[in-house]
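The values are calculated or read from the model by the stated rules, or taken from the named source; none is laboratory data. Everything numeric in this text was worked out from a predicted model, so none of it was measured. Note: ideal-geometry Cβ built from the backbone for every residue, glycine included; neighbour counts use all protein chains shown. Heads up: the accessible areas ignore ligands, DNA and RNA and are worked out on the full protein's heavy atoms, side chains in. Shrake-Rupley method; radii C 1.70, N 1.55, O 1.52, S 1.80 Å.
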Amino acid sequence: MSADNNVIISVTDLKKHYNDGEVKALDGVTTDIKKGEVVVVIGPSGSGKSTFLRSLNLLERPTSGTITFEGTDITSPSTDINKLRQDMGMVFQHFNLFPHLTILRNMTIAPMKLHGLSKEEAEKKAMELLERVGLKDRASAYPSQLSGGQKQRIAIVRALAMDPQVMLFDEPTSALDPEMVGEVLDVMKVLAKAGMTMVCVTHEMGFAREVATRVIFMDCGRIIEENTPEGIFDHPQNERLQSFLKKVL
Amino acid sequence: MSGKKTNKTKIRNALIVIGVIAVAVFIAYLLLFMPMNSMPSWMENLRTAFFGSAFYLDFENNFITDKRYMYIVKGLGVTFEVTFFAVLLGIVLGVIVALVRSSYDTLKEELKGGFGKAILFFFYKLCGVYLTVIRGTPVVVQLMIIYFVIFASSNNKILVAVLAFGINSGAYVAEIIRGGIMSVDKGQFEAGRSLGFGYVRTMAFIIIPQAFKTVLPALANEFIVLIKETSVSGYVGLQELTKGGDIIRSRTYSAFMPLIAVAVIYLVIVMFFSWLVSLLERRLKNSER
Ligand SMILES: Nc1ncnc2c1ncn2[C@@H]1O[C@H](COP(=O)(O)OP(=O)(O)O)[C@@H](O)[C@H]1O
Ligand SMILES: [Mg+2]
């Protein structure tokens, strides 16, 4: 499988235990993510979705198992995780914009300090991205002056400013008022259509059905079922998936 | 918005108080000191009574004779000098200690054994000892140890006082800063790391600026605390404000005037800086983002 050169992230038997194995947040997850795929991860609360996603850029250190990113084993101690994370953008449920910096500075600080872009280059790029999400006029605002939906759109383009290979989303719309969910999902759809590789934990089943190339259903730290959106939503096999879908749809 | 107004009101009230005091001083000057070719007899009587009063004679004896007020003026200068540099030293030490302590807590998982971790662990323990010893002993004792034991051959009392109070203050500042660092949302740290910033840069660009903002009032308070604490510097013979007042007392054998004067000066300074801190606090609260 990992011989397939379209594979960008390969996860093998990933385990994450807490409290000396008492809590098995991940209990042997194996999957490959190919370039251009939009993988949506669904599952009940506490099933290990966040832990899985956060393991991919090592915000959580796995207890065992391997993760390779573009062919290199990122769990080995010799890997430069800071370099690796520059290629994986992450979007959080609670946005995590830097409140002491303007929107523009939020978006330019990493490209300038880490990619060595000049201020002009970084700002030009940031303004282009802001234009794409319709927030060009908020460049000099501070995060507290934005709505939740605007904050999350900024968080997405902040990550995009680093030109990542993969984008990771952890429930990007769960903290939003319902009327703001759409504007964030729209940005994500455009991104998906443009060919970005995405791994996305979400409860937005409509988004999963429309955009996902593959849906992963997790429960109790394992992948229970993975399939195309049609396969998952129209012909669910596992009964845990069936009862989960009954609850959320 | 409404908070800003309150700050304006506070400044206006302060200006009113200052104005009233200025007017009172000016009137006192007119009545008692201003040279006049001729003055009404009631004013002449007032001046005779005032300058002949026990109060004035005591005042003159304590402050005017032999320019004794210079003990107070110079002492105040020394107090400010020591406090200012001690606060700076304290903040530098405090930031370093806070960073060592909190970085060990965060990095002990990331650094899997190895040389780096051993070094960090050593400094972590060292900082722990520093905090325990400094906060577990009186500052006067620390001052005397530094002066009579460590710097026994040097006579630079100001340097000794700056070191003693700076090292002492650093222990308290460290805990203030550590609290500030811990008060920053964990998501901020993760956001910085997920962009690719290493630990140090995440702290420098993202965590410390936010932590600093929340602890700024507490740091300013540390300055106020230190102004008062330096009053024990007389133990090593440093002539700061308190010692200045005490020298006058030992010359004139009258305790009331010099000591009350010293107390009033501390009070005014402390009230003034506390007032500034309250303005600062309000401002920071308003700009909360
Ligand atoms: N730091 C932690 N310490 C102990 N248990 C944890 C910790 N983080 C997560 N867990 C547990 O791991 C499991 C999976 O959590 P998580 O990945 O956040 O689930 P999900 O995102 O699917 O809701 C949960 O049972 C959770 O309680
Ligand atoms: Mg989660």
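Does B:Lys117 fit the bill of being open to solvent by 60 Å² or more (accessible area, probe 1.4 Å) and under 30 Å from B:Arg201 (Cβ atoms)?
Answer is no for this residue.
Among A:Gly134, A:Gly149, which is open to solvent by 20 Å² or more (accessible area, probe 1.4 Å) and not charged (D, E, K, R)?
Going through A:Gly134, A:Gly149 in turn, just one is open to solvent by 20 Å² or more (accessible area, probe 1.4 Å) and not charged (D, E, K, R): A:Gly134.
Each row is one residue, and each column tells you yes or no for (1) among the hydrophobic types (A, V, I, L, M, F, W, C); (2) open to solvent by 80 Å² or more (accessible area, probe 1.4 Å); (3) in contact with a strand residue (DSSP E or B) (Cβ under 8 Å, 6 or more places away or on another chain).
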| site | (1), (2), (3) |
| --- | --- |
| B:Ile21 | yes, yes, no |
| B:Val25 | yes, yes, no |
| B:Pro35 | no, yes, no |
| B:Leu46 | yes, no, no |
| B:Phe51 | yes, no, no |
| B:Glu60 | no, no, no |
| B:Phe63 | yes, no, no |
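Could you check, for region A:203-218, whether at least one of its residues is in contact (Cβ under 8 Å) with a residue 40 or more places away in the chain and of a type in the set (D, E, K, R)?
yes
When only residues in region A:189-209 that are in contact with a helix residue (DSSP H, G or I) (Cβ under 7 Å, 6 or more places away or on another chain) and either more than 16 Å from ligand 1 (Cβ to nearest atom) or open to solvent by 10 Å² or more (accessible area, probe 1.4 Å) (or both) count, which is nearest to A:Lys34 (Cα to Cα)?
Top of the filtered list is A:Met198.
Based on what the data block shows, is A:Asp170 open to solvent by less than 40 Å² (accessible area, probe 1.4 Å), within 16 Å of ligand 1 (Cβ to nearest atom) and either hydrophobic (A, V, I, L, M, F, W, C) or more than 14 Å from chain B (Cβ to nearest Cβ) (or both)?
The answer is no for A:Asp170.
Of all residues in region A:64-95, which are within 16 Å of ligand 1 (Cβ to nearest atom) and not aromatic (Phe, Trp, Tyr)?
A:Ser64, A:Gly65, A:Ile67, A:Met90, A:Val91, A:Gln93, A:His94
Is it true that some residue in region A:42-63 is in contact with a Ser or Thr (Cβ under 8 Å, 6 or more places away or on another chain), more than 14 Å from chain B (Cβ to nearest Cβ) and within 12 Å of ligand 1 (Cβ to nearest atom)?
yes
In region B:185-211, how many are facing chain A (nearest Cβ under 7 Å) and closer than 15 Å to B:Val100 by Cα?
Residues meeting the conditions: 1.
Only one residue in B:Gly128, B:Gly170 is touching a residue at least 60 places away in the same chain (Cβ under 8 Å), away from chain A (no Cβ under 14 Å) and of a type in the set (Gly, Ala, Ser). Which one?
B:Gly170
Looking at region A:233-244, which of its residues are part of a helix (DSSP H, G or I), closer than 18 Å to A:Arg214 by Cβ and free of Cβ contacts under 8 Å to residues at least 24 places away in the same chain?
A:Asp234
Please state which of the following conditions A:Asp13 fails to meet, knowing it meets all the rest: (1) under 28 Å from A:Glu204 (Cβ atoms); (2) not in a loop (DSSP other than H, G, I, E, B).
Going through the list (1) under 28 Å from A:Glu204 (Cβ atoms); (2) not in a loop (DSSP other than H, G, I, E, B), A:Asp13 breaks only (1).
Which of the residues belonging to region A:45-86 are open to solvent by 40 Å² or more (accessible area, probe 1.4 Å), assigned to a helix (DSSP H, G or I) and within 14 Å of ligand 2 (Cβ to nearest atom)?
Within region A:45-86, A:Ser50 is the sole residue that qualifies.
Sort out which residues of region A:113-131 are more than 8 Å from chain B (Cβ to nearest Cβ) and surrounded by fewer than 18 Cβ atoms within 10 Å (Cβ to Cβ), and write them in order of number.
A:His115, A:Gly116, A:Ser118, A:Lys119, A:Glu120, A:Glu121, A:Lys124, A:Met127, A:Glu128, A:Glu131
Please find, within region A:15-44, the residue that is farthest from ligand 2 (Cβ to nearest atom) out of those that are open to solvent by 30 Å² or more (accessible area, probe 1.4 Å) and of a type in the set (Val, Ile, Thr).
Only one residue tops the list, namely A:Thr30.
Cβ-Cβ under 9 Å, sequence separation 6+ or interchain: first residue in region A:88-111 and more than 8 Å from every other protein chain (Cβ to nearest Cβ), partner aromatic (Phe, Trp, Tyr) and open to solvent by 10 Å² or more (accessible area, probe 1.4 Å). Which pairs?
A:Leu101/A:Tyr142; A:Leu101/B:Phe205; A:Thr102/A:Tyr142; A:Ile103/A:Tyr142
If the requirement is being open to solvent by 50 Å² or more (accessible area, probe 1.4 Å) and closer than 25 Å to B:Ile158 by Cα, which of these qualifies: B:Ile247, B:Ile260, B:Ile224?
Just a single option satisfies the conditions, and that option is B:Ile260.
For the condition within 14 Å of chain B (Cβ to nearest Cβ), in contact (Cβ under 8 Å) with a residue 40 or more places away in the chain and small (Gly, Ala, Ser), what is the one hit in A:Ala161, A:Ala192?
A:Ala161
Name the single residue, out of those in region A:164-189 being without any contact (Cβ under 8 Å) to a residue 60 or more places away in the chain and within 16 Å of ligand 2 (Cβ to nearest atom), that is farthest from A:Val91 (Cα to Cα).
Here the residue is A:Leu176.
Out of A:Lys34, A:Lys15, report the one residue that is within 16 Å of ligand 1 (Cβ to nearest atom), away from every other protein chain (no Cβ under 14 Å) and basic (Lys, Arg).
A:Lys15
Quick grid of which residues meet (1) in the same structural domain as B:Ser278 (by TED's automatic domain parsing); (2) surrounded by 20 or more Cβ atoms within 10 Å (Cβ to Cβ); (3) out of contact with any Leu (no Cβ under 7 Å at 6 or more places or on another chain); (4) of a type in the set (Asp, Glu):
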| residue | (1), (2), (3), (4) |
| --- | --- |
| B:Ala174 | no, yes, no, no |
| B:Val200 | no, no, yes, no |
| B:Pro209 | no, no, yes, no |
| B:Tyr253 | yes, no, yes, no |
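Can you pull out every residue in region A:219-232 that is more than 30 Å from A:Glu22 (Cβ to Cβ) and either in contact (Cβ under 8 Å) with a residue 60 or more places away in the chain or in a helix (DSSP H, G or I) (or both)?
A:Pro229, A:Glu230, A:Gly231, A:Ile232
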